[in-house]
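Colleague: To start, I am sharing the structure in question, which I have written as structure tokens.
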Amino acid sequence: MIAAALIALLRRYKPEFAFPVSVAAAAIVLIYAVSQSAAIMDVVNTITQKAGVAPENIKILFKAMGICYITQLAKDTCCDSGETALGEKVELAGKIGIAVLSLPILAEILTLITELML
């Protein structure tokens, strides 16, 4: 909230500083969020081991989540700098990346469905 207020003031009085401060604030929040993810990973690993889920699938899931967050941050940064068209292309590239990354899980699901049907 402090960063948002500072950015609003900068946009009014020193607009050339607003964008770099916005990017720096976003980076700080992202670093904090990533540092907190270790505890989440421990819980997820415990649950997946008990459930018998393949660790490879969990790795793919977390990679996809990372792509989502980075893509959204990049898109928002582009839009904030006035490059809305570029932001839309970044979002499309992120969606394609997630689709490609999720192909092994999709193949596994289709194999399971096929086995259940037979």
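The values are calculated or read from the model by the stated rules, or taken from the named source; none is laboratory data. Worth saying up front: this structure is predicted, and the values here are computed from it rather than measured. Cβ sites come from the backbone with ideal geometry, for glycine too, and all protein chains shown count toward neighbours.
Colleague: Give the residues of region 31-42 that are closer than 18 Å to residue 63 by Cβ and hydrophobic (A, V, I, L, M, F, W, C), sorted by residue number.
Modeller: Selection gives 33, 34, 38, 40, 41.
Colleague: Okay, next question. Tell me yes or no: at least one residue of region 95-118 is in contact (Cβ under 8 Å) with a residue 60 or more places away in the chain and surrounded by 14 or more Cβ atoms within 10 Å (Cβ to Cβ). Working first, answer last.
Modeller: First, pick out the residues of region 95-118 that are in contact (Cβ under 8 Å) with a residue 60 or more places away in the chain: none.
No - not one qualifying residue is present in region 95-118.
Colleague: Another question about this same structure. For region 45-64, what are the residues that are farther than 24 Å from residue 95 by Cα, of a type in the set (A, V, I, L, M, F, W, C) and touching a helix residue (DSSP H, G or I) at 6+ places or on another chain (Cβ under 9 Å)? Reasoning before the result, please.
Modeller: So the first thing to find is which residues in region 45-64 are farther than 24 Å from residue 95 by Cα, and the list is 45-53.
Filter once more, so that each one left must be of a type in the set (A, V, I, L, M, F, W, C): 47, 51, 53.
The answer is 53, and nothing else.
Colleague: Return the pair list, or none, for Cβ contacts closer than 7 Å from residues in region 2-19 that are charged (D, E, K, R) to residues that are surrounded by 10 or more Cβ atoms within 10 Å (Cβ to Cβ), at least 6 apart or on different chains.
Modeller: These pairs meet every condition: 11/18.
Colleague: Tally up the residues in region 70-94 that are in contact (Cβ under 8 Å) with a residue 24 or more places away in the chain, surrounded by fewer than 14 Cβ atoms within 10 Å (Cβ to Cβ) and either among the acidic types (Asp, Glu) or part of a helix (DSSP H, G or I) (or both), please. Can you show your working first?
Modeller: Narrowing region 70-94 to residues in contact (Cβ under 8 Å) with a residue 24 or more places away in the chain: 70-71, 73, 76-77, 80-81, 94.
Now drop any that are not surrounded by fewer than 14 Cβ atoms within 10 Å (Cβ to Cβ), which leaves 81.
Subset that is either among the acidic types (Asp, Glu) or part of a helix (DSSP H, G or I) (or both): none.
Residues that pass the stated criteria total 0.
Colleague: Turning to a different aspect of this structure: Tell me the residue from 82, 66 that is modelled with pLDDT under 90 and at positive phi, please. Walk me through it before giving the result.
Modeller: Details: 66 fails: at positive phi.
Answer to the selection: 82.
Colleague: Residues in region 5-20: is at least one outside the structural domain of residue 65 (by TED's automatic domain parsing) and in contact with a Leu (Cβ under 8 Å, 6 or more places away or on another chain)?
Modeller: As a first pass, look at region 5-20 and keep what is outside the structural domain of residue 65 (by TED's automatic domain parsing): 5-20.
Pick out the ones that are also in contact with a Leu (Cβ under 8 Å, 6 or more places away or on another chain) and you get 17-18.
Yes - at least one qualifying residue is present in region 5-20.
Colleague: How do the pairs read when you match residues in region 29-56 that are in contact (Cβ under 8 Å) with a residue 60 or more places away in the chain and assigned to a helix (DSSP H, G or I) with residues anywhere that are aromatic (Phe, Trp, Tyr) and surrounded by 11 or more Cβ atoms within 10 Å (Cβ to Cβ), using Cβ under 8 Å and keeping only pairs 6 or more apart or on different chains?
Modeller: none
Colleague: Kindly indicate whether residue 3 is loosely packed, with under 12 Cβ neighbours inside 10 Å, of a type outside the set (D, E, K, R) and either assigned to a loop (DSSP other than H, G, I, E, B) or modelled with pLDDT of 85 or more (or both). Walk me through how you get there before you give the answer.
Modeller: On the way: loosely packed, with under 12 Cβ neighbours inside 10 Å: no; of a type outside the set (D, E, K, R): yes; either assigned to a loop (DSSP other than H, G, I, E, B) or modelled with pLDDT of 85 or more (or both): yes.
No; evaluated as a whole, the condition is false for this residue.
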